[in-house]
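Notes follow once the structure below has been shown.
Please treat every number below as a calculation from the coordinates, not as lab data. This is a predicted model, so every value here is computed, not measured. Reconstructed Cβ throughout: ideal geometry from the backbone, glycine too, with neighbour counts over all protein chains shown.
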Amino acid sequence: MKDKYAIVGVGYTPQGKLPGRSSLSFHLEAGVNAIQDAGIDPKEVDGIICYRHFPPASGEKDVTPYLVAQHLGLKPTYLAQDAN
């Protein structure tokens, strides 16, 4: 699959109002679940695309692909964010 794109894992998280959860915690949980679903080593992740439909909640940082990668210990070569 050289020079091709592939989404090889999907990470689901709970939905709805969940007290005590931050936007970042959902992104991290989804990332870990997607890596596990793909059956790959985290070192094999070469790109992260984050989608944020809503602005960050009061008191929260904006969740960026860089922040997600940092917290997951990843060093991807491609980062993108679609804020719609």
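Highest mobility in the GNM of the chain, judged by mean-square fluctuation with C-alpha springs under 10 Å and restricted to Gln15, Gln36, Gln70, is found for Gln15.
What pairs from Lys4/Lys75; Lys17/Lys43; Lys17/Lys75 go past 23 Å between their alpha carbons? Those over the limit are Lys17/Lys43; Lys17/Lys75.
I want to make sure I understand the PRE zone here: with the label point 7 angstrom from the Cα of Thr13 toward its beta carbon, which residues in region 19-39 have backbone N atoms less than 18 Å away? Of the residues in region 19-39, 19-38 have backbone N under 18 Å from the label point off Thr13. For region 43-84, the relative contact order comes to 59 percent (Cα pairs under 8 Å, sequence separation of at least 6). Globularity index of the chain is 1.11 (Cα radius of gyration / 2.2 N^0.38 Å, N = number of residues). From its DSSP helices (H runs of at least four residues, each -39,500 (n - 2.57)), the chain gives a residue-normalised ellipticity at 222 nm of -9000 deg cm²/dmol. Build a GNM of the chain with springs between Cα atoms under 10 Å apart, and of Gly47, Gly16, Gly31 the one that fluctuates most is Gly16.
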